[in-house]
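Colleague: First the structure, which I've put down as structure tokens, then a few questions once you've had a look.
The values are calculated or read from the model by the stated rules, or taken from the named source; none is laboratory data. All values derive from a computational prediction rather than experimental measurement. Every residue, glycine as well, gets a Cβ built from its backbone with ideal geometry; the counts of neighbours run over all protein chains shown. Areas reflect the complete protein model, heavy atoms only, side chains present, ligands, DNA and RNA absent. Shrake-Rupley method; radii C 1.70, N 1.55, O 1.52, S 1.80 Å.
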Amino acid sequence: MLRIVRMLLATVAILAITLLFVDFTGIAARWLSFLPKIQLVPALLALNLGALCLLAVLTLVFGRVYCSVICPLGIYQDIVMRLRIWLSPKRKRRAGFFRHSPEAKKLRYGFFAMFLVLVALGLAGVIASSFAGLLDPYSAYGRMASRFALPLWRTAVVPVADMAAESGVYVLDSYPAAQPLNVAMLAVAVLTFVVVTAMAWRGGRDYCNKVCPAGTMLGLLSRFSLLKPAIDTYKCNRCGTCGRKCKASCIDTNNHSIDYSRCVVCMDCIGNCTRGAISYARRRGGTAKAAPDATRRSFMVGLAVAGGAIAARAADKATDGGLAPLKDKQRHPDAAPAVPAGAIGIGHLSSRCTACQLCVSACPEGVLRPSLSASRFMQPELVFTGGFCRPDCTECSHVCPAGAIKPVDAAEKTAIRIGRAVVDTSTCISAAYGQHCGNCARHCPAGAIQMVKGTNGNMRPSVDESVCIGCGSCEYHCPVGTAGHISSDKAAIYVEGYKVHLKS
């Protein structure tokens, strides 16, 4: 029964977290944003004391339930192992896939030490914290979801949106356009997928107990957990079934011992023991004894923190006045990157972001893109060639679990200046060619751009930097690059990001 409850809650958790990466309505983020924020490494970087205390208490009471019920990468490994079991012959299923093995201390604590060094260097501003995020299980799953699940979901939704639009229903018609292929991000996601899948297929929870820093941290606490699987030496006949079915390879049936620092409390041993020799028990004076039914009820209540209500209803995205979408332009290569309001500045974002890609997936305009810069590798930055950051949109600030983007509301966002608009008069249709345009001024939501007469007598955009918030609407709506006789493939006005955000 405990095993079934664990599997049900784990299924709900991974579906809910995956939904956060593919949902474009914002409904999932509104109801399920607590799930990323109770992931261990993001909570650690965000100094989310509430989440850290919750995980510590859960581990000290129930053991490493985080790894089997809350962590999406841990649940994904269980799915891989389940597929292997289904695809294997019955003889192999009965024999089991695993054997007890000693703790790989050098490997385990070597990766943990590397993670701590990367986190320290990231917080000190020496490197980007996204390099530490390469080992974070939640961020690793997020990159896989954003590179694999999101395109598949988009492929399924677009035909449905087209059919709905033919019937006059445009709820799905405003799905954000697909982002350009990011080879580096795809390579990282593919490598993560291959490594994690291969380790899970071959060794069960090897990744959790040899590589994952979250598993190592929680393993240090789970040694002292109040409740844990316990072997009744009077009932056990040393058949070895539990050890062969233990995905963590932590049960030594010959000595009736369990390495609780590696046990992920999956309950598979209890479910597979035909003699009832293993029970989820309360530790008393170093000896585990069978727990009453109340313990099982409390275990279920404790696991319930990983569950969440999944709501799905469509919501119309604000339109830009019915204008047809403009063709994507190229970025200005020399422009300083802009980061979202709430990030405080590039330095703060770099020292906190684990590159989980949740903000990138949640951005309804598709303007957040993973950076290819070595100093901010895979971390989000704003690209305005195919859209702009709407002043009333605060999705990224509310979904970030690591505190890299602080929560802001729409009123606060309009007072934050993330960058300034810069005019290239040599390619501007009005300034250089004397043609009537003024698109940038008309579409500026802050009223920071005015058309004034230049020295050559032509009208040109003039930017009031004290008012400009760097939303990128001017860059997106600039027609340069699509005008017939102008060969430039870049906008004549573009946004320069501020290293540290200013307030109006």
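Colleague: Of the accessible area of the chain, with the probe set at 1.4 angstrom, what percent is carbon plus sulfur?
Modeller: 61
Colleague: Can you list the HN-Hα couplings for segment 395-405, worked out from phi with the Karplus curve (6.51, -1.76, 1.60; θ = phi - 60°), rounded to whole Hz and with x for Gly and Pro?
Modeller: Result, ordered by residue: 4, 4, 6, 8, 9, 5, x, 9, x, 5, 10 Hz.
Colleague: With each run of n ≥ 4 DSSP H residues scored as -39500 (n - 2.57), what mean residue ellipticity at 222 nm is computed for the chain after dividing by its residue count and rounding to the nearest 500 deg cm²/dmol?
Modeller: Calculated at 222 nm, the ellipticity per residue is -12000 deg cm²/dmol.
Colleague: Helix 2-22 against the longest principal axis of the chain: what's the angle in degrees, Cα atoms only, rounded to the nearest 10?
Modeller: 10
Colleague: Same structure again: Kindly state, to the nearest 0.05, the FRET efficiency for Leu47 paired with Arg154, given R0 = 41 Å and r defined as their beta-carbon distance.
Modeller: After rounding to 0.05, the efficiency reads 0.75.
Colleague: Note down the net charge around Leu150, summing +1 for each Lys or Arg and -1 for each Asp or Glu among other residues with Cβ under 14 Å from its Cβ.
Modeller: That sum, taken over residues with Cβ under 14 Å, equals +3.
Colleague: What full-extension length gain, to one decimal in nm, is calculated for Lys499 and Leu87 as 0.36 nm per residue of separation minus the Cα-Cα distance?
Modeller: Contour length minus Cα-Cα distance gives 143.0 nm.
Colleague: Whole Å is fine, so just give me how far the alpha carbon centre of segment 187-234 lies from that of segment 342-385.
Modeller: 29
Colleague: Let me ask something else about it. Using the Karplus curve 6.51 cos²θ - 1.76 cosθ + 1.60 with θ = phi - 60°, work out ³J(HN,Hα) for each residue of segment 127-133 in order, rounded to whole Hz, and write x for Gly and Pro.
Modeller: Coupling constants for segment 127-133: 9, 7, 5, 5, 5, 5, x Hz.
Colleague: If you don't mind, another one. Counting DSSP beta bridges in the chain, what percent are antiparallel, to the nearest 5? Present the calculation step by step, with values, prior to reporting the outcome.
Modeller: On the way: 28 of 29 bridges.
Roughly 95 percent of the beta bridges in the chain run antiparallel, per DSSP.
Colleague: For a test of the definition: using alpha carbon positions, the gyration tensor, and the 1.5 limit on a/c, classify segment 1-66 as rounded, prolate or oblate.
Modeller: Oblate, since a/c reaches 1.5 and b/c is not below a/b.
Colleague: Separate question: For segment 243-261, list residues with backbone N below 18 Å from a point placed 7 Å from the Cα of Ser101 toward its Cβ?
Modeller: 243-254, 258-261
Colleague: At a threshold of 8 angstrom on Cα-Cα distance, excluding pairs fewer than six apart, so keeping six or more, what relative contact order does segment 391-504 reach in percent?
Modeller: On the way: 212 pairs, mean separation 35.2, N = 114.
Once normalised by length, the contact order is 31 percent.
Colleague: Still on this structure, please answer the following. Any idea how far the Cα center of segment 96-138 sits from the one of segment 410-462, in Å?
Modeller: Here the two parts' Cα centres lie 48 Å apart.
Colleague: Does anyone have the angle between helix 72-87 and the longest principal axis of the chain? Alpha-carbon axes, 0 to 90°, nearest 10?
Modeller: 60
Colleague: Evaluate the relative contact order of the chain (contact order divided by residue number), counting alpha-carbon pairs under 8 angstrom at least 6 apart; express in whole percent.
Modeller: Taking the mean separation of contacting Cα pairs over the length of the chain, I get 19 percent.
Colleague: If you don't mind, another one. Which of the three applies to segment 43-171, rounded, prolate or oblate, going by the alpha-carbon gyration tensor with a ≥ b ≥ c and a/c under 1.5 meaning rounded? Working shown, then result.
Modeller: Values: a/c = 2.12, a/b = 1.22, b/c = 1.74.
Oblate is the answer for segment 43-171, as a/c is 1.5 or above yet b/c matches or exceeds a/b.
Colleague: Which value, in nm² and rounded to one decimal, describes the direction-averaged projected area of the C-alpha convex hull of segment 173-232?
Modeller: Computed as one quarter of the Cα hull surface, the answer is 8.5 nm².
Colleague: Right, here's the next one. If you roll a 1.4 Å probe over the heavy atoms of the protein chains, what accessible area per residue do you get for segment 1-132, in Å²?
Modeller: Accessible area per residue, segment 1-132: 45 Å².
Colleague: Just subtract the alpha-carbon distance of Arg94 and Ile4 from 0.36 nm times their residue separation and send over the number in nm, one decimal.
Modeller: Here the answer is 30.4 nm.
Colleague: Another one. Can you compute 3J(HN,Hα) from phi for each residue in segment 353-364, using the Karplus curve 6.51 cos²θ - 1.76 cosθ + 1.60 with θ = phi - 60°, rounded to whole Hz and x for Gly and Pro?
Modeller: 6, 9, 6, 6, 6, 5, 5, 4, 5, 7, 5, x
Colleague: Still on this structure: List the extent of the Cα atoms of the chain along each of their three principal axes, largest first, rounded to whole Å.
Modeller: Result for the chain: principal-axis Cα extents of 98, 53, 36 Å.
Colleague: Relative to the longest principal Cα axis of the chain, at what angle does helix 105-123 sit, 0 to 90 degrees, rounded to 10?
Modeller: 30
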